[in-house]
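Heads up, the thing below is written out as structure tokens.
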Amino acid sequence: MNTYGKFAQEAWKTTAPAEYALIPDPDQWFEALGEEAAQRVGELMMELAGPDPVGETYLEKVGRLNASKMQAEEIVRAEMLTPDPSVQQEPEEDEEESGVARRLRIVQQLNREDREYWEEVARLDAEQA
């Protein structure tokens, strides 16, 4: 199972245990989901990176591609790898937050902030057009 599948499986176990329990073969399901996510990250990364600008140096290209991959991974995590908020369960107040749950919460917050940022960029672009 790739890292996307492992991330998704932990996210579902942690935030939507009731829904996770309904999956007949979780290992197989999350392995397939991870492969699908990896393919989507690759496609989205290239879309976000766009064509090579004229005069771009090697280091500039590496930076552009790395940035587009990170953005694509955040989008895919939000869209494909985390359970829908409607099925997520809040942890008990007396439960200590695990490392995975803490990272998932941070990723979800970053995804929200990222979406808000790009919505604002789109709105400003539309105003300028």
### Message
I'd like the projected area of the chain, averaged over all directions, using the convex hull of its alpha carbons. Report it in nm² with one decimal.
### Response
10.5
### Task
Find the relative contact order for the stretch 3-128 and round it to a whole percent, using C-alpha pairs within less than 8 Å whose residues are 6+ positions apart.
34
### Query
Using the Karplus equation 6.51 cos²θ - 1.76 cosθ + 1.60 (θ = phi - 60°), what ³J(HN,Hα) coupling, rounded to whole Hz, does each residue of the stretch 6-11 give in order, writing x for Gly and Pro?
5, 4, 4, 4, 5, 4
### Message
Tell me which of G42, V62, Q28 sits at the most positive position along the dipole axis of the chain, charges placed on C-beta atoms (Lys, Arg +1; Asp, Glu -1).
### Response
V62
### Query
Once phi is turned into ³J(HN,Hα) by the Karplus curve 6.51 cos²θ - 1.76 cosθ + 1.60 with θ = phi - 60°, what whole-Hz value does each residue of the stretch 108-121 show in order, with x for glycine and proline?
5, 5, 4, 4, 4, 5, 5, 4, 4, 4, 5, 5, 5, 4
## Note on the structure
In deg cm²/dmol, rounded to the nearest 500, the helical mean residue ellipticity at 222 nm of the chain, built from -39500 (n - 2.57) for every DSSP H run of length 4 or more, is -24000 deg cm²/dmol
### Task
Place the peptides 101-107, 10-16, 29-35 in order of packing, highest mean first, counting for every residue the other Cβ atoms within 10 Å and averaging per peptide.
10-16, 29-35, 101-107
### lysines whose Cα lies under 20 Å from that of K69, excluding same-chain neighbours fewer than 8 positions away
K6, K61
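Read-outs throughout are calculated quantities, based only on the coordinates presented, and are distinct from any laboratory measurement. No experiment lies behind these values; they were computed from the predicted model shown. Quick reminder, even Gly has a Cβ in these numbers, built from the backbone with ideal geometry, and neighbours come from all protein chains shown.
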